[in-house]
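To start, the structure itself, in structure tokens.
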Amino acid sequence: MSVVTVQLGQCGNQIGFEVFDALYSDSHCPQGLCSKRENETYQASSKERFFSEEENGVPIARAVLVDMEPKVINQTLSKAAQSGQWKYAQHSCFCQKEGSGNNWAYGYSVHGPRHEESIMNLIQKEVEKCDSLSGFFIIMSMAGGTGSGLGAFVTQNLQDQYSNSLKMNQIIWPYGTGEVIVQNYNSVLTLSHLYRSSDALLVHENDAVHKICAKLMNIKQISFSDINQVLAHQLGSVFQPTYSVEGSCHYRRNPLGDLMENLVPHPEFKMLGIRNIPQMSENSLTYSTFTWAGLLKHLRQMLISNSKMEEGINWQVRPPLPGLPTLGKVSLNRELHFNTSIANLVILRGKDVHSADLGGFKDPALYTSWLEPIDAFNVWKTQRAFSKYEKSAALVSNSQFLLKPLDTIVGKAWNMFASKAYIHQYTKFGIEEEDFLDSFTLLEQVVASYCNL
């Protein structure tokens, strides 16, 4: 089954390019550490998901590119074409001459309705090329105007027109220090609208990915391209094919459906995060060896201590003891910053994958009381290595990991709203104070729900 990717705004288009590039490079990587036949099956499965039939032998990304300024889309198209390995379809782009000026309301209320028909027609053409549609993967940021405002509008339209297809939004959480003065408003409006129309929000925090670039990849001058490559690596490690069941050689057919089924048991909880291990520069990789026991011990501690990378993990954090009354558990979790999960999915790729022991992730203390570990935890595997790593693990988690950043963004936006700062820039494009209040109410409910796990 195929996934149609919708790349929105500058951020969405730049990340989208890196994602397709990572998927193509991995599936054509000579070091797959598996038999030729298995490698060919893996390649075919990956291609069916993300690329359509070749044109002159070059695979075409199943994607629609949307931006309100032409510069980034032109750069993205030419980078893909220059790679000579894959490209975007000639008529899969929509761009205009004027941006959204970092104003969510302008993207949502002006660009959205004005260009709805053109954008939805492009998406429909892409859908018609799929033999069978798994769903939509929508890449966007929250801080600006086009990715966030137009992104929320397009997602809502996809929900109306393709109500039976799954929608997963990959959203980039802005730097805490802020790139845009109204980024907290834009973020609150984006999140609240997506919560109503998307099936899952896969969140990457810029601050966390920046740290990975600095500490694990040893990059001195970090560019957006470096950050996007780390993001693409993480997404590839989740979306590339894995076996459908233990011991089988058949790959999963429905990546989005399987992800949602494993990770989103209730529509109130749809925030997902990714952690990867190992992640390092190629130079360091040459001198490193890994065991499954070591990787999984670190990954489990990263989960429960809410650490985004394996460096600087807090090993003091322990799961609460069984038998503690719920209230005691809550205050203890706050003190220790224990990260309670609703559901976790571990994806293992590489050598001796069947020998990995995942018992540590089946501990009931890691999960909310209303789901049994047998329902809350899943594992996907393949012996085919990912990228250049002999062994690698990815964890996709629906947990309390975003509580603090979400609470902070809602708090900052509320303080600005209480003093009516910049509100006029939104009301003049039809977003009323009432819309802001609805958004605050919805997100405060989300914070409360995750808090009470």
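The values are calculated or read from the model by the stated rules, or taken from the named source; none is laboratory data. Quick caveat, the model's predicted, so the values are computed rather than measured. Here the Cβ is made from the backbone with ideal geometry for all residues, glycine too, and neighbour counts use every protein chain on show. Note: accessible area is taken over every heavy atom of the protein model, side chains too, but ligands, DNA and RNA are not part of it. Shrake-Rupley method; radii C 1.70, N 1.55, O 1.52, S 1.80 Å.
Quick notes on this one:
- Local electrostatic count, Thr382, Cβ distance below 10 Å [Lys/Arg +1, Asp/Glu -1]: +3
- Tyr175 - accessible surface, heavy atoms, 1.4 Å probe, Å² rounded to 10: 40 Å²
- Kirkwood Rh (inverse of mean 1/r, distinct Cα pairs), the chain, angstrom: 22.4 Å
- Pairs from Lys270/Lys428; Lys308/Lys404; Lys297/Lys381 whose Cα-Cα separation, in the structure shown, is over 21 Å: Lys270/Lys428
- Accessible surface of the chain, 1.4 Å probe, proportion on carbon and sulfur as whole %: 50 percent
- Each label was represented as a point 7 Å from its Cα along the Cα-to-Cβ direction; for Lys220 and Met1 these points are 4.8 nm apart.
- The Lys420 and Ser35 beta-carbon pair, evaluated with R₀ = 51 Å, returns a calculated FRET efficiency of approximately 0.20.
- A full extension of the chain between Thr291 and Leu321 corresponds to an added length of 7.9 nm, given 0.36 nm per residue minus the alpha carbon distance.
- On the basis of the beta-carbon distance and an R0 of 56 Å, Lys428 and Ser355 show a calculated FRET efficiency of 0.35.
- Over the chain, accessible surface divided per residue gives 42 Å², non-protein components excluded, 1.4 Å probe.
- Taking the DSSP beta bridges with both ends in the chain, the antiparallel portion is around 35 percent.
- A simple spin-label model places pseudo-atoms 7 Å from Cα toward Cβ; at Leu437 and Ser449 they are separated by 2.2 nm.
- Mean ellipticity per residue at 222 nm, deg cm²/dmol - from DSSP H runs of n ≥ 4 across the chain, formula -39500 (n - 2.57): -13500 deg cm²/dmol
- The loop-placed trypsin sites (Lys or Arg not before Pro) in region 169-235, going by DSSP, that have at most 15 neighbouring Cβ atoms within 10 Å of their Cβ come out as Lys220.
- Evaluated at q = 0.09, 0.11 Å⁻¹, a Debye calculation over the C-alpha positions of region 2-272 (equal weights, vacuum) places log10 I(q)/I(0) at -0.39, -0.59.
- Ranked packing of 6-13, 181-188, most packed first, by mean Cβ within 10 Å: 6-13, 181-188
- Principal axis extents of the Cα atoms in region 131-216, from largest to smallest and rounded to whole angstrom, are 42, 30, 17.
- For Lys351, a cut-off of 17 angstrom between C-alpha atoms picks up these aspartates and glutamates, skipping any fewer than 8 places away in its own chain: Asp26, Glu38, Glu246, Glu390.
- Computed E for Lys125/Asn164 - FRET, C-beta separation, R0 22 angstrom, nearest 0.05: 0.70
- Considering only alpha-carbon pairs that sit under 8 angstrom and 6 or more positions apart, the relative contact order computed for region 2-272 is 22 percent.
- In percent, rounded to a whole number, the relative contact order of the chain is 17, using alpha-carbon pairs under 8 Å and six or more apart.
- Region 2-272 - share of DSSP beta bridges that are antiparallel (%, nearest 5): 10 percent
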